[in-house]
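Derivation of every value follows stated rules applied to the coordinates shown; laboratory data play no part. Keep in mind the model is a prediction, meaning the values are calculated, not measured. Cβ coordinates were reconstructed from backbone atoms using ideal geometry, including for glycine residues, and neighbour counts include every protein chain displayed.
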Amino acid sequence: MVAIPDSVRAFLATGPLAHVVTLDPDGSPYVTLAWAGFDGDEVVFATFFGTDQRKLRNLRRDARIALSVPTTRVNEWGLLEYLVVYGTARVTEGGAPEMLQRLAHTYLGPDAVFPNIPDPPPGYVTRITPERLGGVGPWSPPRG
């Protein structure tokens, strides 16, 4: 597990959408979007429906995952900064309504109620152990 810099925590707390990359059975990438945040040192996202959801099927078979998260900042070279988190995921059953409600405060606003349905399904929470960070931004290793 890699140490998570404060710059990464601060960036994800601004609510950017994360491109979630998993691997299909033939090794090709499968990409979706998710709200993402931290729970301790793990990056987390949640979904209500998942028994046969493709990204969750992929992760149950092969736990390797990458998140690509663009910023709106342009660096001194004129490049749009972005974060990439490479890691290993584990899918846990239950807890999705609570996790999505917590993330909704970041993504929809401090007074947001999500999901706004009675008795939501327990869903699934995906927990990612970061193994490496990449991209362009304050979290990038110095180039030299």
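By the helix-only formula, in which each DSSP H run with n ≥ 4 contributes -39500 (n - 2.57) and the sum is divided by residues, the chain has a 222 nm mean residue ellipticity of -5500 deg cm²/dmol. Multiplying the residue separation of Met1 and Asn116 by 0.36 nm and subtracting their alpha-carbon distance yields 37.9 nm.
Residues of the stretch 41-71 with an amide N closer than 20 Å to a point placed 7 Å from the Cα of Leu108 along the Cα-to-Cβ direction: 44-50. Loop-located trypsin sites (Lys or Arg not before Pro) across the stretch 91-144 with a Cβ neighbour count of 16 or fewer within 10 Å are Arg143, with loop assigned by DSSP.
With an 8 Å cut-off on Cα pairs and a minimum separation of 6 or more residues, tell me the relative contact order of the stretch 12-144 in percent. Reported as a whole number, the value is 28 percent. Ranking His105, Tyr86, Asn58 by how far each Cα lies toward the positive end of the dipole of the stretch 37-112 (charges on Cβ) leaves Asn58 at the top. Each peptide among 114-125, 22-33 gets the average number of other Cβ atoms lying within 10 Å of its residues, and from highest to lowest they stand as 114-125, 22-33. About its Cα centre, the dipole of the chain is roughly 300 debye, where the only charges are +1 on Lys and Arg Cβ and -1 on Asp and Glu Cβ. Around the amide H of Phe38, modelled in the peptide plane, lie the amide H atoms of Val44, all under 5 Å away and 5 or more residues distant in sequence or on another chain. Relative to the current alpha-carbon distance between Asp62 and Ala10, full extension at 0.36 nm per residue lengthens the span by 15.8 nm.
The modelled label-to-label distance for the pair Ser28/Trp77, using points 7 Å beyond Cα in the direction of Cβ, is 3.2 nm.
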